[in-house]
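Presented below is the structure to which this report refers.
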């Protein structure tokens, strides 16, 4: 984390009344279940979902292809105040109003990594944490073709964003995530960890 | 979904004041960032995290081994009020006070699937949705050895739980999740989808 000048520090954590929140809300959902019984559930929601896409966010599963090196992926490390920790994730971001998932993926990938990518596939919407929130996201697989001696491009970060980029050979991804998870004040995001764990599982388990 | 007698229906969604919430809370975090600038972030949290484990939940990546069939996994489908949809997930649950992740995994797996499993591995804590919440979880890989003609055991569900179990050969998992995602009022949980996408990626991509 060489670029930053100091460790982030939390100075105060306070209850936030729903009517003062700008980004999030708490809702109480009343519903009738399968047996006809009336029940309630508490839900955290984002206030920012664009009606056009109907999906909160995209994450970019990315493959960097180099003429002479094995395929690699760029992971991003940033301080996340909700966890008071540095998270290890794939580049990701919220879908803006009037954007498609593909457009958001290309835009956010360029902002966080500096690279222009091409979209390979877009997943169906997935539930980020279905017991707690209605947050949803799409996994957009993207690729970047690198030149032999290409310089690493500049990021185009928004004010307040401090994001470190790390390139990891895909064959080493799972082990590298375990290394990060063992570091103090680091935590790997569940989606990236599960993708890498799925890779590792498929490569080490007889499936037929 | 043969067991249920009617489709669940939401009757009301209302703002929930933080001080009336039992399970969730909204917090405002004040922090000083890497450059020394004071900033704020809004965070959704669970009120139920057991201090003993320090982790909210476990999900059970499971392998059912049968003498004569390819390895399979049990996925669970349940109505999730936050999404007003049926979610497709691996069995999962909150870690109780004074439980380890392993103990919670065995207990919850038995409740939701009826099977007694053995724990193969426990992941480090992972951040469920790091831009929005401090929710964290551990992926516990478990196995069940089935007999040749073993009957499917009864679930031990809590009041209000209606969970359908589906056994899927692991080699078909990714395609089956895509099928579910295409069904009306169904959504696949991001962690399970990412694991399956990682499997699919590893099996179809040259990594070295």
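The values are calculated or read from the model by the stated rules, or taken from the named source; none is laboratory data. What you see is a predicted model; the values in this text were computed from it and never measured. Reconstructed Cβ throughout: ideal geometry from the backbone, glycine too, with neighbour counts over all protein chains shown.
Quick look at the values:
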quantity	calculated
Residue tally, condition more than 7 Å from every other protein chain (Cβ to nearest Cβ), crowded, with 16+ Cβ neighbours inside 10 Å and more than 19 Å from residue B:73 (Cα to Cα), over segment A:179-208	3
Which numbered condition residue A:38 fails, given (1) within 13 Å of chain B (Cβ to nearest Cβ); (2) crowded, with 22+ Cβ neighbours inside 10 Å	(2)
Leading residue by the ranking (farthest from the chain's Cα centre (by Cα)) among those in segment A:57-69 that are modelled with pLDDT of 95 or more and within 12 Å of chain B (Cβ to nearest Cβ)	A:65
First in segment B:141-170 and on the phi > 0 side of the Ramachandran plot, second anywhere and assigned to a strand (DSSP E or B), Cβ under 7 Å, 6 or more apart	B:160/A:39
Residue B:77 vs. criteria more than 10 Å from every other protein chain (Cβ to nearest Cβ) and either closer than 28 Å to residue B:7 by Cβ or surrounded by fewer than 23 Cβ atoms within 10 Å (Cβ to Cβ) (or both)	yes
Sole residue being surrounded by 15 or more Cβ atoms within 10 Å (Cβ to Cβ), within 25 Å of residue A:124 (Cβ to Cβ) and either at pLDDT 95 or above or at the interface with another protein chain (Cβ under 7 Å from one of its Cβ atoms) (or both), chosen from B:88, B:29	B:88
Failed item, numbered, when residue A:131 is tested on (1) modelled with pLDDT of 95 or more; (2) closer than 24 Å to residue B:176 by Cα; (3) surrounded by 22 or more Cβ atoms within 10 Å (Cβ to Cβ); (4) within 8 Å of chain B (Cβ to nearest Cβ)	(1)
